Amino acid sequence: MKTFDFEHFQKDEDFFLQNCNKIFIYPTDTIYGLWSVVNPESVRKIYEIKKRDIKKPFSIIAPNVDWIIKNFEVLDNFENELNEFLNKYHWITLLLNKKDKDFLPELWNLSKLWVRILKHPFQNFVAKLWKPFISTSVNLAWQSSAIQVKDINPEILSQVDLVIDWWKTFGKPSVLIDYS
């Protein structure tokens, strides 16, 4: 496991883009989370790290609004509504129906997914790859959330590839919106 400060993440983005298939710990809006580009191996590994039942899906971070519109059922005014929400809140998590049931089979062929979009440098990172990232809290079920790297369970730390450490989290949770 390698630890980097947030400034390093921003300055050496190419390194992180080349390592996007690895399992990251990163600061979210309120807590630290696990993430990786969605692929069968990273999804399997994150389920193992979290000791999570595969029937409990994870959310994804979408590359951008156009990607959401292309892959999920949304209303005509979706982009305007989403922009209004993003102007008011900085992280939005939407429950959306997939247009194609076979889209993102790594996520167990569910008909709907929780899709996140955010106002944060991580969004720009995800957008550059035009691929979704799996996103979940770094804690095990029923354990306290980590608001600093020192709060993260050592067992989890030993199973990840990269840690991005930021001295603070934002303090406001995502707004959940059911569009399904």
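The values are calculated or read from the model by the stated rules, or taken from the named source; none is laboratory data. Everything numeric here is computed off the predicted structure, so don't read it as measured data. Cβ sites come from the backbone with ideal geometry, for glycine too, and all protein chains shown count toward neighbours. Just the protein is used for accessible areas: all its heavy atoms, side chains included, with ligands, DNA and RNA removed. Shrake-Rupley method; radii C 1.70, N 1.55, O 1.52, S 1.80 Å.
Structure values in brief
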quantity: Normalised per residue, the volume of the convex hull around the Cα set of the range 54-113 (Å³); calculated: 82
quantity: Amide N proximity, the range 128-163 versus Q18 label position 7 Å along Cα-to-Cβ, cut-off under 16 Å; calculated: 162
quantity: Degrees, to the nearest 10: 78-88 long Cα axis against longest axis of the chain; calculated: 40
quantity: Carbon + sulfur, % of accessible area of the range 1-158 - ligands and nucleic acids excluded, 1.4 Å; calculated: 50
quantity: Assigned charges on the beta-carbon of Lys, Arg, Asp, Glu; the chain dipole about Cα centre (debye); calculated: 400
quantity: D_trans [Stokes-Einstein, Kirkwood Rh over alpha-carbon pairs] for the range 37-180, 20 °C, 1.002 mPa s, µm² s⁻¹; calculated: 132
quantity: Point-charge dipole on Cβ atoms (K/R +1, D/E -1) for the range 58-139, about Cα centre, debye to 20; calculated: 260
quantity: T136 long-range amide H proximity, modeled H, under 5 Å; calculated: L34
quantity: Unsatisfied cross-links (Cα-Cα over 19 Å) in the set K51/K101; K11/K128; K119/K150; K70/K101; calculated: K51/K101; K119/K150
quantity: Accessible area (Å², per residue) of the range 35-121, counting only protein heavy atoms and a probe of 1.4 Å; calculated: 51
quantity: Distant-in-sequence amide H partners of V115 (H built 1.01 Å from N, under 5 Å); calculated: I60, L94, L95, L96
